[in-house]
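Working notes, beginning with the structure itself.
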Amino acid sequence: MKRRNSSARRRFITSLAATAAAAAWSPRSAFAADPLRIGLILPLTGPFASTGRQIEAACRLYIARNGDTVAGRKVDLMVKDDTGLAPETTKRIAQEMVVQEHVAILAGFGLTPLAFATAPVATEAKVPMIVMAAATSVIPQRSPFIVRSGFTLPQVTAPMAEWAAKNKIKKVVTLVTDYGPGLDAEKTFVKRFAEGGGSVSDSLRTPLRSPDYAPFLQRVKDAKPDALFVFVPSGEGTAVLKQFAERGLRESGINLICTGDVLDDDLLDTIGQPALGIVSSHHYSAAHPSPENKAYVDGFMKANGGMRPNFHSVGGYDGMHLIYEAVKKTGGAADGEKIVAAMKGMAWTSPRGPMSIDPATRDVIQNVYIRKVESRDGHYWNVEFDKIDNVKDPGA
Ligand code: PHB
């Protein structure tokens, strides 16, 4: 076992060295007028395909609205499907994109394990890696070349815990998916809710692969808390809310509160009635009332056959903005260190509201909104009714 591990490690290091050497030798990187290749790696099939669909659509919308040339370089977006739950596949695609396709920037990363697996490739090849979706707090610490354009779970969970404590909720059970972002959400909720005077009586964790929520929700029903706090990754909310409704938890007096991952805009109309009235916290709602967001939602829906943009889409859109603005600052040079330096401290108005990149952590600073699901014109929306300004990732 030990021998196998060490030989696997040797192979890994050798392949990384090859990646770095090939990147350094790339004749293309020498000429500013060559296309700017961006390697966008996303789950476009499998259980998390909606994340990939949303981010790809948002990146294409950004290019359509801002032109396909930046600082004199034609933007060449190369999109690859990593299928979602195979970290070694994501890493291999990233290596191939750097070595064979000479991409200047890697982007995408639909789930935390995929971002973790690819971080060493970014470090070795000195290629910026824009994390658009994966949301475990620690991700940017895995490589100095990572910059995050999405969000973090502690960042959106802390305001939910504080809101619950202030709104007569005393006893909560937490239910999260058992991996990085879920564990971050659980830890943050338990800590912040206790600080606000509440208590968490039980913390339940469901598997990432093929979860069955029914037995967990039965346990919650028996525990009779004031509220159930939920985090599941986008795409899973429909199953949780269906079971929550079918088992009659709401009728037995249990409120559901959650991060916005559960009430994903892409799925909200499909979830429908069981979502009505649910309070959640998140950094983006398609119902965000700003002119920038109205133009974004209209443009996105028109370009994508009526598909509503969700929170992952703005991770993609703002990731493209970061890339464009950084390449403008470097005058078209795609040097990885210069690009990351240019991204640090950058601030702009996103469809989600004002946001910036923390120069110390390369993580996103943004408003977090408290929202409630309402039905308007036959559709369901997360309507914002409170906000906390400029929230930094508090860590987990
Ligand atoms: C993650 O794997 O980091 C992740 C995926 C989907 C989410 C949130 C976090 O909605």
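Just one of the numbered conditions (1) at positive phi; (2) within 18 Å of the chain's Cα centre (by Cα) is not true of G345: (2).
Let me confirm something: among G306, G345, G395, which residue is surrounded by fewer than 21 Cβ atoms within 10 Å (Cβ to Cβ) and closer than 30 Å to D34 by Cα?
Going through G306, G345, G395 in turn, the sole match is G345.
Taking E162 as the residue in question, decide whether it is more than 12 Å from the ligand (Cβ to nearest atom), free of Cβ contacts under 8 Å to residues at least 24 places away in the same chain, more than 18 Å from P181 (Cβ to Cβ) and more than 14 Å from the chain's Cα centre (by Cα). No; evaluated as a whole, the condition is false for this residue.
Among the residues making up segment 233-267, those that are within 15 Å of the ligand (Cβ to nearest atom) and closer than 23 Å to Q366 by Cα are P233, S234, C258, T259, G260, D261, V262, L263, D264, D265, D266.
Scanning segment 171-192 for residues that are in contact with a strand residue (DSSP E or B) (Cβ under 6 Å, 6 or more places away or on another chain) and under 22 Å from D393 (Cα atoms) yields T174, L175, V176, T177, D178, G182, A185, E186, F189, V190. Among the residues of segment 172-183, not a single one is surrounded by fewer than 22 Cβ atoms within 10 Å (Cβ to Cβ) and among the small types (G, A, S). Against the test of being under 18 Å from D363 (Cα atoms) and within 14 Å of the ligand (Cβ to nearest atom), the options V127, V138 yield a single qualifying residue, V138.
The criterion of at least 2 residues that are free of Cβ contacts under 8 Å to residues at least 60 places away in the same chain, within 29 Å of G182 (Cβ to Cβ) and not acidic (D, E) is met by the following strands (runs of 3 or more DSSP E) wholly inside segment 312-396: 353-357, 379-391. Scanning segment 260-285 for residues that are among the aliphatic types (A, V, I, L, M) and open to solvent by 10 Å² or more (accessible area, probe 1.4 Å) yields a total of 4.
Among the residues making up segment 104-119, a single one is without any contact (Cβ under 8 Å) to a residue 40 or more places away in the chain and near the ligand (Cβ under 8 Å from one of its atoms): A115.
The values are calculated or read from the model by the stated rules, or taken from the named source; none is laboratory data. Keep in mind that this is a model prediction, so the values were computed, not measured. Glycine also receives a Cβ, built like all others from the backbone with ideal geometry; neighbour counts cover every protein chain displayed. Accessible surface is based on the protein model in full, side chains and every heavy atom, while ligands, DNA and RNA are left aside. Shrake-Rupley method; radii C 1.70, N 1.55, O 1.52, S 1.80 Å.
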